[in-house]
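Novice: The structure follows.
The values are calculated or read from the model by the stated rules, or taken from the named source; none is laboratory data. On a predicted model such as this, the values are computed, not experimentally measured, just so you know. With ideal geometry, Cβ positions are generated from the backbone for all residues, glycine too; neighbour counts draw on all protein chains shown. Surface areas here come from the heavy atoms of the whole protein model, side chains and all, with no ligands, DNA or RNA. Shrake-Rupley method; radii C 1.70, N 1.55, O 1.52, S 1.80 Å.
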Amino acid sequence: MIMVVMWRYFNGRTARRFVSTCSGHGWWDKVRVAPKNPIVTVNESFLADPFPHKINLVTGTYRDDDGKPFTPQCVGDAEAKINRYTLEETNSSEVSSKFVMESVKLAYGNDSFVVREGLYAGVPALSGTGACRLFAEFQRNFYPDSLIHLPDPTWPNHHNIWRQARIPVKTFHYYDPDTKGLDFDALINDIKNAPDSSFFLLHPCAHNPTGVDPTEEQWREISYQFKVKNHFPFFDMAYQGISSGDLDKDAAVLRIFIEDGHLVGCAQSFAKNMGLFGHKVGCLSILTRDIKQAAAVKSQLQHIAHSMYSSPPIHGILLVTMILSDPNMKEQWKKEMKTMANRIRAMRTTLCRNLEDLDSSFNWEHITNQVGMFCFSGLAPDQVRHLEKLFHIYMSPDGRISMGGVTPSNVNYLANAIHQVTRISEAASVCM
Ligand SMILES: Cc1ncc(COP(=O)(O)O)c(C=O)c1O
């Protein structure tokens, strides 16, 4: 006890002396607290809530039927095969090449000519976020006066990523709140009105946050207009397989653009479709005209990555490579992904039907019209707050529901809660 008191006394004195001697420098006096990510704030409130049946619909991760974090069986199987020896003896550049090869096959198709002919530059990245950031740095290095066109709305971090890379951001029309669907005409106008050779970011499937994707016909028109204007399409593919349950279907848009002769870029993430959120496994690929260009682009991407974090951790890359290159494991993964996608779709139907059964006076069809991990519910900020305070249900302030967190055990409770909060707002508007 005496030792502890003495330690605290001397430690406190040292800290006070340190503060008094360094206070003249003022190195970080200009630094103000950065704006807090609203999703992090909601997550913190969720964690602090002691209510045993609270529901987390904030983060876009898939939970099992009991609401627990879900790791596919194939990941557990692959993990069992990786031991300390494999980790330390692995030739990381060999594994990286194999990983990139398997990843681009997923994105562009097993038998795609771009893969067969090596018409791509690919590097492992720190998940989808890292892949976007690497691309933004690359864009800045080679097109320093360019800007990036982002859909309105988009995953909010897209704005931060490109701004941090000193690339100005412009938004283009995407979502129409009145129809809760795509504002296609306005989108096409924005593509036409952008300066020739602009950079655009597109979500190839399961748009975050709206769950609204263009139809195949609309994608073909978008690709055509891109060709006319010589725009560069950068695809952020964070949910391949989660939307339809089929890897090829979810990547069909990339293939449409390639058919039309676009040199696309693509960020891939294995956080959601393999449940590897904590491992940060992703891939950035950029298509090139020939293999000489591919080698040059790859070397520049590696150069940027090397200055930022040397190379990514190898463990997750080994897991993904093992699953993608073993036909049995890959089949198992595809089955598990289908199960995830099917459950998400089933929960959309149940949620919508339950709201109708409760005689809700609102139209909830958009819940089933939208696809993928997220439902842009249309709930207003005060309704979201009521859900939190009265029902311990947490979602992002814009009313985005992570459908991966809606399960057979909480969907009825959720439907009832949504019905109640919309009735409160209805009653309040009648009273006004
Ligand atoms: C569209 C989009 N891109 C990228 C990411 C980030 O992916 P990762 O977690 O792999 O960094 C997300 C995740 O929320 C996303 O929705």
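Novice: Looking only at the stretch 170-210, count every residue that is open to solvent by 40 Å² or more (accessible area, probe 1.4 Å) and within 16 Å of the ligand (Cβ to nearest atom) and tell me the total.
Specialist: Qualifying residue count, the stretch 170-210: 1.
Novice: Go over the candidates Leu355, Leu390 one by one and state the one that is among the hydrophobic types (A, V, I, L, M, F, W, C), farther than 30 Å from Gly76 by Cα, in contact (Cβ under 8 Å) with a residue 24 or more places away in the chain and surrounded by 15 or more Cβ atoms within 10 Å (Cβ to Cβ). Quick ask: steps written out before the conclusion?
Specialist: Details: Leu390 fails: surrounded by 15 or more Cβ atoms within 10 Å (Cβ to Cβ).
Just one listed residue meets the conditions, Leu355.
Novice: Another one. Taking the stretch 356-383, which residues are in contact with a Lys or Arg (Cβ under 9 Å, 6 or more places away or on another chain), farther than 14 Å from Asp178 by Cα and among the hydrophobic types (A, V, I, L, M, F, W, C)?
Specialist: Listed by number, the residues that qualify are Ile367, Val371, Met373, Phe374, Cys375.
Novice: Now for a separate question. For the stretch 338-351, name all the residues that are more than 20 Å from Gln240 (Cβ to Cβ) and open to solvent by less than 10 Å² (accessible area, probe 1.4 Å).
Specialist: Leu351
Novice: To continue, here is another question. Name the single residue that is most open to solvent (accessible area, probe 1.4 Å) among those in the stretch 272-300 being over 14 Å from Val115 (Cα atoms) and of a type in the set (Lys, Arg).
Specialist: Filtering first and then ranking leaves Lys292.
Novice: Taking the stretch 182-233 on its own, how many of its residues are touching a residue at least 40 places away in the same chain (Cβ under 8 Å), over 18 Å from Gly265 (Cα atoms) and over 17 Å from the mean Cα position of the chain (by Cα)?
Specialist: 3
Novice: If we scan the stretch 23-44, do we find a residue that is open to solvent by 90 Å² or more (accessible area, probe 1.4 Å), at pLDDT 95 or above and either among the hydroxyl-bearing types (Ser, Thr, Tyr) or over 26 Å from the mean Cα position of the chain (by Cα) (or both)?
Specialist: For the stretch 23-44, residues open to solvent by 90 Å² or more (accessible area, probe 1.4 Å), at pLDDT 95 or above and either among the hydroxyl-bearing types (Ser, Thr, Tyr) or over 26 Å from the mean Cα position of the chain (by Cα) (or both): present.
Novice: Kindly indicate the residue of the stretch 109-132 that is of a type in the set (Ser, Thr, Tyr) and under 25 Å from Pro312 (Cα atoms) and also farthest from the ligand (Cβ to nearest atom) among those meeting that condition. Show your work before the answer.
Specialist: First, the residues of the stretch 109-132 that are of a type in the set (Ser, Thr, Tyr): 112, 120, 127, 129.
Checking the rest, the ones that are also under 25 Å from Pro312 (Cα atoms) come to 120, 127, 129.
Values: Tyr120: 20, Ser127: 3, Thr129: 3 Å.
Checked the stretch 109-132; the qualifying residue farthest from the ligand (Cβ to nearest atom) is Tyr120.
Novice: Of the residues Ser402, Ser429, which is open to solvent by less than 60 Å² (accessible area, probe 1.4 Å) and of a type in the set (Ser, Thr, Tyr)?
Specialist: Numbers: Ser429 fails: open to solvent by less than 60 Å² (accessible area, probe 1.4 Å).
Of Ser402, Ser429, the one residue that is open to solvent by less than 60 Å² (accessible area, probe 1.4 Å) and of a type in the set (Ser, Thr, Tyr) is Ser402.
Novice: Mind counting the residues in the stretch 381-414 that are more than 23 Å from Asn208 (Cβ to Cβ) and either small (Gly, Ala, Ser) or outside any loop (DSSP other than H, G, I, E, B) (or both)?
Specialist: As a first pass, look at the stretch 381-414 and keep what is more than 23 Å from Asn208 (Cβ to Cβ): 382, 386, 389-392, 408-409, 412-413.
Now drop any that are not either small (Gly, Ala, Ser) or outside any loop (DSSP other than H, G, I, E, B) (or both), which leaves 382, 386, 389-391, 409, 412-413.
Final tally of qualifying residues: 8.
Novice: Any residue at all in the stretch 369-376 that's closer than 22 Å to Asn416 by Cβ, open to solvent by 20 Å² or more (accessible area, probe 1.4 Å) and not in a helix (DSSP H, G or I)?
Specialist: Scanning the stretch 369-376, I find at least one residue that is closer than 22 Å to Asn416 by Cβ, open to solvent by 20 Å² or more (accessible area, probe 1.4 Å) and not in a helix (DSSP H, G or I), so the answer is yes.
Novice: Out of the stretch 230-265, which residues are more than 22 Å from Ser285 (Cα to Cα) and open to solvent by 10 Å² or more (accessible area, probe 1.4 Å)?
Specialist: Pass one, the stretch 230-265, residues more than 22 Å from Ser285 (Cα to Cα): 244-245.
Ser244 - this is the single residue of the stretch 230-265 that is more than 22 Å from Ser285 (Cα to Cα) and open to solvent by 10 Å² or more (accessible area, probe 1.4 Å).
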